Amino acid sequence: MRTQILFLATLAAAGASHAADWRDLSVKADAGALGEFSATANWAYDHNGFGHLGQGVDAAAFDDDSAWRRREVGVALKRKDVYEFTVQRDLEAETWMDVSVKLISKGLLGRDLGALRIGQFKTPVGFDTVGSSRNTPFLEAALPAQAAYEGRRVGVEWSLQRPAYLASVAWFDGNDLEGGNEGSTLAGRAAWVPRNAKGDVLHLGLATSHERPDSGTLRLRARPEVGLTDVRLVDTGTLAGVDAIDRTGFEGLWIRGPWSLQGELLQVHADRDAGLADVSGEGAYVFGSWVVTGESRGYNGYATNVVPSATSALELLLRYSQLDLDDGTVRGGKQSDWTLGVNWYLGRNVKLQANYVFAHARRNGVLRDPEAFGLRAQVYF
């Protein structure tokens with residue numbers, strides 16, 4: 001682990017020694033009439049440590065660990081305003097990511113009526129999970145975003161983006177490319193963006209979906225905001241008799257110079273048949289960010305990484321999240337976390353992150369309040 005982190009940190013330091021316009025690491029080539037070919041990657045190596053486990057915690061369940069969190073690779077073929085073809089795979093999780101083609105009406109029809117995407121891509125509920133994994137401000141998504149995230153599905157989507165608003169509608173049917181998650185989902189997302197300039201953003205949005213799972217089951221749970229553990233302090237277990245699942249998220253983002261606030265309210269409701277009671281889980285998070293070196297977080301419909309104006313940029317963050325999975329006879333538990341974060345951006349393609357998580361969970365009357373420390377070295381292009 002130390003060798004690999006040292007390698008990535010050395011690469012970062014080498015990049016930081018260059019001027020502010022440190023060269024782009026991406027691989028691009030002119031494909032003639034077809035447009036432009038590019039290769040993409042997002043590699044992240046993590047270390048997670050646990051301490052001050054407190055009462056009711058099985059210390060053996062929280063083993064310190066170091067491992068690759070992501071090894072994502074991809075290729076894309078794009079022709080401006082005409083189409084985008086993308087294939088991505090995570091070599092660490094051994095799963096297909098986005099595999100899709102997007103047809104852009106402006107180039108095909110001569111009018112901008114939006115874009116049509118066909119293939120596998122993320123379902124839209126979860127502002128903290130649906131954006132690109134290379135842009136995560138913390139090591140892991142907030143508690144409610146983990147529980148509500150439906151994942152990637154095969155489907156079709158129409159989307160329209162304007163400076164002051166964005167909207168999309170999608171239909172997913174069948175399963176994902178791994179052969180799982182069979183069923184159908186109708187989903188949509190819309191946002192009002194009255195302020196949309198570099199360093200000056202206000203985004204208020206709503207995302208919703210209606211899923212009918214073929215399995216007839218649902219399980220809501222979340223890791224304690226670090227990724228290299230299988231422990232879930234809150235977990236409903238597998239719920240049977242599920243006919244339909246409704247997910248709803250209210251999302252907000254404010255960026256003003258080096259300062260930003262982001263938050264979300266999320267709810268998952270399962271309609272159950274055979275006389276079983278319906279079940280709901282809900283939660284929220286909010287976090288603040290200050291870029292000490294003066295830059296701003298980026299925005300493209302979702303928040304993106306800070307791009308240093310000089311050789312590097314430093315960002316400090318604080319997040320509070322909570323998740324309630326107790327409903328009637330289902331006792332999944334309640335959890336709240338405070339997470340301190342530091343991001344150091346070195347050039348345009350390297351990010352070093354550190355998080356400290358204070359978790360507090362109660363399930364079936366048992367209190368567990370571990371603390372976790374996480375480090376990440378990430379290279380992306």
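Observations on the model:
Conditions tested, residue by residue: (1) of a type outside the set (V, I, T); (2) surrounded by 18 or more Cβ atoms within 10 Å (Cβ to Cβ); (3) at pLDDT below 95.
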{"site": "A67", "(1), (2), (3)": "yes, no, no"}
{"site": "R70", "(1), (2), (3)": "yes, yes, no"}
{"site": "L77", "(1), (2), (3)": "yes, no, no"}
{"site": "D90", "(1), (2), (3)": "yes, yes, no"}
{"site": "G119", "(1), (2), (3)": "yes, yes, no"}
{"site": "T123", "(1), (2), (3)": "no, yes, no"}
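- Residue check, A170 hydrophobic (A, V, I, L, M, F, W, C), without any contact (Cβ under 8 Å) to a residue 60 or more places away in the chain and surrounded by fewer than 17 Cβ atoms within 10 Å (Cβ to Cβ): no
- Scanning segment 163-188 for residues that are in contact with an Asp or Glu (Cβ under 9 Å, 6 or more places away or on another chain) and modelled with pLDDT of 95 or more returns S168, V169, A170, W171, F172, G183, S184, T185, L186, A187.
- Note on segment 335-370: among residues that are under 22 Å from the mean Cα position of the chain (by Cα) and of a type in the set (D, E, K, R), the one that is farthest from Q88 (Cα to Cα) is D337.
- Being surrounded by fewer than 20 Cβ atoms within 10 Å (Cβ to Cβ), within 22 Å of the chain's Cα centre (by Cα) and of a type in the set (G, A, S) is a property that G298 has.
- Residue in segment 125-136 that is farther than 19 Å from R219 by Cβ, among the basic types (K, R) and in contact (Cβ under 8 Å) with a residue 60 or more places away in the chain present: yes
- For beta carbons closer than 9 Å, sequence separation of 6+ or different chains, a first residue in segment 60-74 that is closer than 14 Å to R89 by Cα and touching a residue at least 60 places away in the same chain (Cβ under 8 Å) and a second that is crowded, with 16+ Cβ neighbours inside 10 Å and polar (S, T, N, Q), the qualifying pairs are R69/Q378; R70/N42; R70/S133; R70/Q378; E72/T40; E72/N42; E72/Q88; E72/S133.
- Candidate set from segment 22-38 (those that are part of a strand (DSSP E or B) and out of contact with any Lys or Arg (no Cβ under 8 Å at 6 or more places or on another chain)); member that is modelled with the lowest pLDDT: V27
- In the set G199, G155, only one residue is surrounded by fewer than 20 Cβ atoms within 10 Å (Cβ to Cβ), of a type outside the set (F, W, Y) and over 27 Å from D278 (Cα atoms); that residue is G199.
- S309 meets the conditions (1) out of contact with any strand residue (DSSP E or B) (no Cβ under 7 Å at 6 or more places or on another chain); (2) more than 30 Å from V27 (Cβ to Cβ) in every case but one. The failed one is (2).
- Residue check: Y83 meets all listed conditions (1) surrounded by 15 or more Cβ atoms within 10 Å (Cβ to Cβ); (2) under 20 Å from R376 (Cβ atoms); (3) at pLDDT 95 or above but one, namely (2).
- Residue identified as over 22 Å from L218 (Cα atoms) and either within 16 Å of the chain's Cα centre (by Cα) or touching a residue at least 40 places away in the same chain (Cβ under 8 Å) (or both) among G263, G281: G263
- Failed criterion for A313 (all others in (1) over 20 Å from the mean Cα position of the chain (by Cα); (2) of a type outside the set (K, R); (3) under 13 Å from P258 (Cα atoms); (4) assigned to a loop (DSSP other than H, G, I, E, B) hold): (4)
Conditions (1) part of a strand (DSSP E or B); (2) more than 27 Å from G249 (Cα to Cα), marked per residue:
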| site | (1), (2) |
| --- | --- |
| E84 | yes, yes |
| M97 | yes, no |
| S100 | yes, no |
| D112 | no, yes |
| L116 | yes, no |
| Q120 | yes, no |
| P124 | no, no |
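- Some residue of segment 226-239 being assigned to a strand (DSSP E or B), within 18 Å of G283 (Cβ to Cβ) and among the basic types (K, R): no
- Candidates R117, R111 - the one that is over 30 Å from V226 (Cα atoms) and without any contact (Cβ under 8 Å) to a residue 24 or more places away in the chain: R111
- A Cβ distance below 9 Å, combined with a sequence gap of six or more or placement on separate chains, defines the contacts here; from segment 75-102, residues that are more than 22 Å from S159 (Cα to Cα) reach residues that are assigned to a loop (DSSP other than H, G, I, E, B) in the pairs E94/E178; T95/D176; T95/L177; T95/E178; W96/D176; W96/L177; W96/E178.
The values are calculated or read from the model by the stated rules, or taken from the named source; none is laboratory data. Computed from a predicted structure; not experimentally measured. All Cβ positions, glycine included, derive from the backbone under ideal geometry; neighbour counts span all protein chains shown.
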